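See structure below.
Bear in mind that the values in this text are calculations on the coordinates, not laboratory data. These figures come from a predicted structure and were not determined experimentally. Cβ placement follows ideal geometry from the backbone for every residue including glycine, while neighbour counts extend to all protein chains displayed.
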Amino acid sequence: MTSSPPPAQHCHRLLITGAAGGLGGVLRERLRPYAEVRRLSDIAPLSPAAEGEEVVPCDLSDLQAVIALVHDTDAIVHLGGVSVERPFEEILPANIQGTYNLYEAARLNGVRRIVFASSNHVTGFYRQDEVLDAATPPRPDGYYGISKAFGENLSRFYFDRYGIETVCLRIGSSFPKARDRRMLATWMSYDDLLQLVVRSLFTPDVGHTIVYGASANRDRWWDNHLAQHLGFAPKDSSEPFRAEVEAQPTPDPNDPATQYQGGAFVKAGPFNA
Ligand code: NAI
Ligand code: 15L
């Protein structure tokens with residue numbers, strides 16, 4: 001009996017938006033083996049293109065520029081946008097208009113797969129003692145979380161209407177280290193991030209999938225059984241950071257930032273007087 005070959009883990013031209021950012025810099029390097037050409041884009045300056053790279057500056061809020069940016073790409077890792085809680089007027093062009101522009105550009109250019117950097121802040125107003133999965137109704141903790149919920153709904157529509165597949169990554173906290181108590185639950189290492197992005201890019205038939213992005217931490221707020229088909233199996237854990245984190249002053253248990261999964265995002269703003 002012949003077994004089916006493993007799914008291809010390679011594409012020709014991969015677009016990475018937000019490539020000048022923290023995760024963009026990490027994935028710029030680590031996705032090298034997975035695409036012959038990496039097209040790197042941001043509104044912020046990017047270092048010059050290395051071999052196998054194309055640098056294409058672009059403001060995501062400019063539809064015509066985004067259509068040109070997406071031309072001739074095979075898949076997209078969409079990281080670009082405002083990545084923290086900010087006034088709605090800043091979130092709107094980058095995250096809401098920008099994500100719409102990207103999906104329209106994908107439709108017009110025939111791109112079939114997008115990995116969308118969503119966020120745990122889509123469900124940030126659940127308490128830290130609750131365990132959520134992809135079917136849990138969103139409870140965004142601010143305009144930023146609302147913009148990510150918009151991106152998740154938009155991508156659902158583009159799959160149902162146009163068949164463009166998306167994996168929405170509800171990333172926890174992907175940084176070099178877990179820096180505080182909350183991150184002991186939300187932290188995701190860069191190795192685990194890479195594994196999640198690669199599986200999201202190359203697993204066949206993902207349709208529209210939502211997956212939480214965290215390492216195999218002791219404390220877990222998220223259950224990924226609805227994204228089992230990705231085969232995401234995180235290898236790292238925040239435990240090596242626990243002693244350092246727990247040496248910090250004990251947080252106030254009545255502080256909303258301690259009670260809710262979104263942490264400090266739940267008490268950002270209001271921004272207007
Ligand atoms: P970052 O803020 O370092 O990078 C975002 C990039 O998007 C920046 O380089 C920025 O210049 C660019 N950008 C902003 N507005 C733009 C526009 N109008 N047009 C083009 N580019 C624009 O954020 P980071 O940490 O690298 O995160 C990457 C993505 O992952 C973001 O979408 C963020 O919301 C999401 N995410 C990250 C998490 C983390 O732990 N790092 C957790 C959850 C979600
Ligand atoms: C996010 O969505 C942000 O992009 C990132 O900067 C962190 O704040 C992260 O969530 C988090 O919740 O720790």
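Are any residues in the range 29-69 surrounded by 21 or more Cβ atoms within 10 Å (Cβ to Cβ) and assigned to a helix (DSSP H, G or I), and if so, which ones? Matches in the range 29-69: Val66, Leu69. For the range 79-101, the tally of residues that are within 22 Å of Arg38 (Cβ to Cβ) and in contact with a helix residue (DSSP H, G or I) (Cβ under 6 Å, 6 or more places away or on another chain) stands at 4. Where helices (runs of 4 or more DSSP H) sit wholly within the range 70-182, those with at least 1 residues that are more than 12 Å from ligand 1 (Cβ to nearest atom) and among the hydroxyl-bearing types (Ser, Thr, Tyr) occupy 98-109, 143-162.
Please specify each residue of the range 186-216 satisfying the condition of being more than 13 Å from ligand 1 (Cβ to nearest atom), in a helix (DSSP H, G or I) and of a type in the set (A, V, I, L, M). Result: Leu194, Val198, Leu201. The set of residues in the range 85-138 that are crowded, with 19+ Cβ neighbours inside 10 Å, among the hydroxyl-bearing types (Ser, Thr, Tyr) and more than 24 Å from Asp42 (Cβ to Cβ) comprises Thr123, Tyr126.
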